[in-house]
Amino acid sequence: MMPQLKGLPVFIFPHSIKFYMDDQSSHKQVLTLYNPYDFRLKFQVCLEKSAQRDKYTVVDSEGTIKAKCCIDIVIRHISAVPSNCNVVDRFSIDVEAYPTKMFAGRQIVTATLLSTKESVGRETPDIDTFQQFPRSETKHQQSSYALIAQNRPVDRGTNYVALIAALVCMVGLFLPTEGDKNPNIPEYLHLTINIKIILAFVLGMVTIITLRL
């Protein structure tokens, strides 16, 4: 028996899209609709009634998404003119339980045309919250894929403090020990056994810490 689905959360990214007059590549934007549930969903993308219908085209504005899959929806702005700048339009993404046609939920995505491209990068979702599924075909050959947890290597950068400490310890260990005869190195640079033991200990600890990072 199908559970009560009214008010089901609709997962779509991003929640707002921006087009730029001076960047033709931005006139095509992609929405990704996710279905993390154990049943199929039917979706439909609609532009609010107050918006100009001839401003956008939506590739495959309706279809179905398999359980635990996601699908890309392409929206193109085809009227990038100054009179349309800074106008906020709204797309509603409605989902139904398939095949019962029971309304499940709705998400709103805003669309805005700007005159100049902003110097702000496109936000990205946390990749660890999604999973990557095998590709599957839909009625209109949309790319549909699922979400498996992915692990990304973390670049921790170079630990310069540990590197400097290791170099200091190595230089100290190469200096002559107190009591050794070495006329080429001043007497004050002849280190005692205790100091060299400490340097060797610190070098070992720094090496262990560095290898664990």
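What follows draws every value from the coordinates through simple rules; no lab data is involved. What you see is a predicted model; the values in this text were computed from it and never measured. Cβ placement follows ideal geometry from the backbone for every residue including glycine, while neighbour counts extend to all protein chains displayed.
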| request: Could you pull out the GluC sites (Glu not before Pro) across the range 1-108 that fall in loop regions by DSSP (anything but H, G, I, E, B) with no more than 11 other Cβ atoms inside 10 Å? | output: E48
| Label-to-label distance, nm, for residues given as N182 and S115 (7 Å Cα→Cβ offset) | 7.1
| Label point distance in nm, K68-I193, each placed 7 Å from Cα along Cα→Cβ | 6.6
| task | Counting only C-alpha contacts under 8 Å and six or more residues apart, can you give the relative contact order of the range 1-85 as a whole percent? | result | 32
| field | Label-point separation, S16 to M170 (7 Å along Cα→Cβ), nm | value | 5.2
| remark: Full extension between R40 and F103 adds, at 0.36 nm per residue less the Cα distance, a length in nm of 21.4 nm
| message | Could you work out how much longer the chain between S25 and E48 gets when fully extended? Use 0.36 nm per residue separation minus the Cα distance between them, nm to one decimal. | response | 5.8 nm
| query | In the range 47-117, what trypsin sites (Lys or Arg not before Pro) fall in a loop by DSSP, with at most 14 other Cβ atoms inside 10 Å? | reply | K49, K101, K117
